[in-house]
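Read through the structure below, which is laid out as C-alpha cells, and then see the notes.
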Amino acid sequence: MNNKKVYKFLIPLSICLAVVSCKTPAIAPSKASAAIPESYATSKDTNNTAATPWKNFYKDKNLSDLIDVALKNNQELLITLQEIEIAKNDIRVRKGALLPMVGVRAGAGVEKVGRYTSQGAGDANTEIMPGKEFPDPLQDYTIAAYAHWEVDIWKKLRNSKKAAVSRYLSTIEGKNFVVTNLVAEVADSYYELVSLDNQLEIVRQNINLQKNALEIVKVQKEAARATELAVQKFQAEVLSSQSREFEILQKIKETENTINFLLGRYPQEIPRDKTNFLSLAPSVVSSGIPSQLLANRPDIKQAELELVAAKLDVKVARAEFYPSLDISASYGLQAFKSSYLFTLPESLLYSLVGDLAAPLINRNAIKAEFKNANARQLQALYNYERTILNAYLEVSTQLSKINNLENRYSLKSKQVDALNKSIDVSNDLFKSARVDYFEVLMTQRDALETKLELVETKKEQLNASIHIYRNLGGGWK
C-alpha cells in the first residue's frame, strides 16, 4: 500500500522531543588517579627485564620445552582464546547494527471477513474489472524486499562498537596475562621439582650416614661402651629419615602431576637436570622504572581498556535519552490471486516510512541504566587504580625479597659448611668415647635440617627471579 503522506510537524516535533530528552542526570566527578612513584628505590635505571622474551630468560632447555607444550595444550589458555573469539564476534554484531537490515519475504494467505463489516461491505462493492466481483474469501500473495535502518544520529551505535573493540583488545591483554602467569607457574613448579630431587638425595645420604653411626653404636654396645638406649635412639633416627624420604617422594609425584596438568596431559615423567641445583644462579633482573609497568603489564593494559569501554558505555546509555530515527522501506509485488502477482504496475507495492521517537514521560528504566553505566565506569576506574597499585607493590616486595634471600643463602651456606665439619668431628669424638651418642644425633639432625633449608632457600631465590620477571610484565612475548 502506497504511503504518500507528508508529516508536516515531523521536524518541529523532533526538536521538542530532543529538548525534553536531553536533560540527563549529571555524572559525579571521579577521583584522579594517584601518581605512581618515580622509582622503586634510589636507582632510576630504565633497563627493564620485562622486554626480554621468556625463551631468552629461561636458559634451561628442559624448562623451555615444558613451557612450549603448556602454551599449546593448557586448557585455561585455550578457554581464554575462545573468549577472544567471542569478543571478536561481538564487534561484528555491533558493526552490523550500523548498517541497514535488508531481507526478502514471500508469503501466501487467505482471509474471510464478515459481510456486514466495513471491510466486507467495501470488498463486496468493489469490482476488479467489468463483470468480475471481488473474490471471497480473499487470498493474498506477496513477494517483497524490505529494509530497516536506525540512523545513528547521536553516535550510540558507533560508541557501542568502539566499546566492543576495547573489550576485544582487553581479552587479548587478558590472554597475555594468562600466558605470563602460565609461564611463571610452569617455571615455579619445575624448580620446585628439582629442589625436591635434591632434598631426596640429601635425605638418602643422611640415611647412609645414620646407618653407619648405628652400626658403630651396635659394636660399641657389644664392647660395653654403649647402651641399648643409644642403639634405639640411632635406630629411631634412621626410621625418621626413611619416613621423610617417602614424604618427599610423594611431593615429587604431586609436583610432577601439577606440571602435567599445566601442560594439559596425563601423568608422565618430567625430564629435568637433577645435578648442580645449588650452583644455579638466578637470572639477573633489571626492574626499570615504575611507569614502565603501564606498558608491560598485561593486567594493567586490560584494566585500562575496560575503563575505556566503560566510558563508552556511559555515552551509549546517555544517548538513550535522545530521539531515535528509524527508517523502514519495502518494495515488491502483492496480489489476491497468483495469476495477478506479476501484473505491473497494478501489483506493485512500495513503502518508505521514517519514525522519530524519544522517551518523554516514563524514563525511569533509562535513568537507572544510565546510573548503572556510570557506576560501572567508576568501578572500572577504581579497578585500574588498584591494578597499578598492586603491580607496584608486587615488584617492590620481590625486589626486597631478592636482596634478603641473597644474604640468607650466603649465611646458610656457611652454616652447612660448619655443620659438615662438626659431623666429622663428632664421629671421631664418639668413636673415642669423648662425647655421648646424643651429641652425635643432634649434630646429624642439625646438619640435615640446614642442608634442606639451603636447598629451600635456593629454590626461593630462583622463584623470586621468576616472580619479579612476571611482576614486571615479562613472559608473554
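The values are calculated or read from the model by the stated rules, or taken from the named source; none is laboratory data. Keep in mind that what you see is a predicted model, and the values were worked out from it rather than measured. Counting neighbours? That spans all protein chains shown, and the Cβs are built from the backbone with ideal geometry, glycine included. What goes into the accessible areas is simple: the full protein's heavy atoms, side chains included, and nothing from ligands, DNA or RNA. Shrake-Rupley method; radii C 1.70, N 1.55, O 1.52, S 1.80 Å.
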Name the single residue that is farthest from the chain's Cα centre (by Cα) among those in segment 45-100 being in a helix (DSSP H, G or I), buried (at least 16 other Cβ atoms within 10 Å of the Cβ) and of a type in the set (Val, Ile, Thr). Thr49
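A quick yes/no check of all residues on (1) at pLDDT below 95; (2) open to solvent by less than 40 Å² (accessible area, probe 1.4 Å); (3) in a helix (DSSP H, G or I):
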site	(1), (2), (3)
Gly122	yes, yes, yes
Asp136	yes, no, no
Asp140	yes, no, no
Val183	no, yes, yes
Val186	no, yes, yes
Tyr190	no, yes, yes
Val194	no, yes, yes
Asp197	no, yes, yes
For Gln235, are the conditions met, namely being farther than 30 Å from Lys311 by Cβ and either open to solvent by less than 50 Å² (accessible area, probe 1.4 Å) or in contact with a strand residue (DSSP E or B) (Cβ under 8 Å, 6 or more places away or on another chain) (or both)? no
Just for segment 326-340: of the residues that are open to solvent by less than 50 Å² (accessible area, probe 1.4 Å) and part of a strand (DSSP E or B), which one is nearest to Ala380 (Cα to Cα)? Asp326
Could you look through segment 267-316, keep only residues that are polar (S, T, N, Q) and outside any helix (DSSP H, G or I), and pick out the one that is surrounded by the fewest Cβ atoms within 10 Å (Cβ to Cβ)? Ser279
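Table: residues versus (1) under 42 Å from the mean Cα position of the chain (by Cα); (2) under 30 Å from Val231 (Cα atoms); (3) open to solvent by less than 70 Å² (accessible area, probe 1.4 Å); (4) among the charged types (D, E, K, R).
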residue: Leu389; (1), (2), (3), (4): yes, no, no, no
residue: Leu393; (1), (2), (3), (4): yes, no, no, no
residue: Asp417; (1), (2), (3), (4): no, yes, no, yes
residue: Ala464; (1), (2), (3), (4): yes, no, yes, no
Pairs please, first residue from segment 373-391 and without any contact (Cβ under 8 Å) to a residue 12 or more places away in the chain, second anywhere and open to solvent by 50 Å² or more (accessible area, probe 1.4 Å), Cβ atoms under 6 Å, 6+ apart in sequence or on different chains. none
Restricting attention to segment 219-228, does a residue exist that is open to solvent by less than 30 Å² (accessible area, probe 1.4 Å), touching a Lys or Arg at 6+ places or on another chain (Cβ under 9 Å) and of a type in the set (Ser, Thr, Tyr)? no
How do the pairs read when you match residues in segment 224-248 that are farther than 16 Å from Gln210 by Cα with residues anywhere that are modelled with pLDDT of 90 or more and open to solvent by less than 80 Å² (accessible area, probe 1.4 Å), using Cβ under 8 Å and keeping only pairs 6 or more apart or on different chains? Ile248/Leu196; Ile248/Gln199; Ile248/Leu200; Ile248/Val203
Of the residues in segment 155-172, those that are of a type outside the set (Val, Ile, Thr), within 14 Å of Ile84 (Cα to Cα) and open to solvent by 30 Å² or more (accessible area, probe 1.4 Å) number 3
